[in-house]
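Here, each number is a calculation from the coordinates, and none is a lab measurement. Everything numeric here is computed off the predicted structure, so don't read it as measured data. Cβ placement follows ideal geometry from the backbone for every residue including glycine, while neighbour counts extend to all protein chains displayed.
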Amino acid sequence: MTDRLNSSHEQASGARRLRLRSYTLADETAARAANESMKSDGSLFLLDWNETTQWPQWLKTINEHRRGLSLSVGLVPAVQLVADVDGDIVGSVRVRFSLNKELERTGGHIGYGVLPAQRRRGYATEILSQALVVARSQGVDRVLVTCFEDNAASARVIEKCGGVLEDVITIEHDARGLRRYWIE
Ligand SMILES: CC(C)(COP(=O)(O)OP(=O)(O)OC[C@H]1O[C@@H](n2cnc3c(N)ncnc32)[C@H](O)[C@@H]1OP(=O)(O)O)[C@@H](O)C(=O)NCCC(=O)NCCS
């Protein structure tokens, strides 16, 4: 996989300039700010991250996870990419290259988020479209994506990208139904 992942899929909207790419040392300040801004709706921007983590160490960790190394219990090989529009961070995405039992039930292959200030511009739809290319480049042909029932925006994103609803399940400690979609 190259560091800069360009998709041939481009929308007619401003999302066509969006690129998924690897995080770099230069992203630290913007990525920390992005992580903070996502907390307002309880979402995570960076995974396997906390405020005390040194940025270079986090880059090393996610690079290892991408190669299937140093995985804690419950983790699978995965890549975390940043969504960049003309040099600005607008969102993030995690693409898992396989599923364990729990991920097959709840987490799915792909998780994404768009910064609150950047929403409703088609970015999430573009992020998922490009993430599907990443997943397929890793041999994942059937992609599981999930969202809670009260997340109309995410459900719409998944359906626009070809998601077919498998079922709606209940999970522990959450009253909301979880919608499970497969994209082929
Ligand atoms: C869900 C999320 C990723 C959507 O990002 P976005 O960039 O605003 O989405 P898009 O602009 O691509 O919009 C996709 C569709 O959802 C619709 N939509 C966007 N926000 C919406 C909202 N709040 N309510 C209803 N529909 C909404 C858009 O109108 C569009 O549909 P359309 O093409 O038919 O008009 C973003 O709100 C987010 O990051 N939320 C927090 C994290 C999260 O929920 N991630 C997904 C986990 S499953």
So residue 28, is it free of Cβ contacts under 8 Å to residues at least 40 places away in the same chain and under 24 Å from residue 126 (Cα atoms): yes
Given (1) more than 24 Å from residue 36 (Cα to Cα); (2) surrounded by fewer than 16 Cβ atoms within 10 Å (Cβ to Cβ), index of the condition residue 144 fails: (2)
Residue list for the range 111-125, filter: more than 15 Å from residue 46 (Cα to Cα) and either part of a strand (DSSP E or B) or near the ligand (Cβ under 7 Å from one of its atoms) (or both): 118, 119, 120, 121, 122, 123, 124, 125
Qualifying residue in the range 87-110 (condition: more than 19 Å from residue 19 (Cβ to Cβ), away from the ligand (no atom under 13 Å from the Cβ) and in a strand (DSSP E or B)): yes
Filter pass, residue 163 being within 12 Å of the ligand (Cβ to nearest atom), free of Cβ contacts under 8 Å to residues at least 60 places away in the same chain, touching a Phe, Trp or Tyr at 6+ places or on another chain (Cβ under 6 Å) and of a type in the set (Gly, Ala, Ser): yes
Residue pairs meeting the criteria (Cβ under 8 Å; at least 6 apart or on separate chains; first under 18 Å from residue 105 (Cα atoms) and aromatic (Phe, Trp, Tyr), in the range 141-159; second assigned to a helix (DSSP H, G or I) and within 6 Å of the ligand (Cβ to nearest atom)): 148/154
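Yes or no: residue 129 under 15 Å from the mean Cα position of the chain (by Cα), more than 7 Å from the ligand (Cβ to nearest atom) and assigned to a helix (DSSP H, G or I)? Reasoning before the result, please.
Details: under 15 Å from the mean Cα position of the chain (by Cα): yes; more than 7 Å from the ligand (Cβ to nearest atom): yes; assigned to a helix (DSSP H, G or I): yes.
Here the answer is yes, as residue 129 does meet what is asked.
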Some residue of the range 138-145 being assigned to a helix (DSSP H, G or I) and either within 14 Å of the ligand (Cβ to nearest atom) or over 15 Å from the mean Cα position of the chain (by Cα) (or both): no
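When the range 24-78 is examined, which residues are found to be small (Gly, Ala, Ser) and over 30 Å from residue 150 (Cα atoms)? Don't jump to the end; show me each part of the working.
From the range 24-78, those small (Gly, Ala, Ser) are 26, 30-31, 33-34, 37, 40, 42-43, 68, 70, 72, 74, 78; that's our starting set.
Residues satisfying the conditions are 26, 68, 70, 72.
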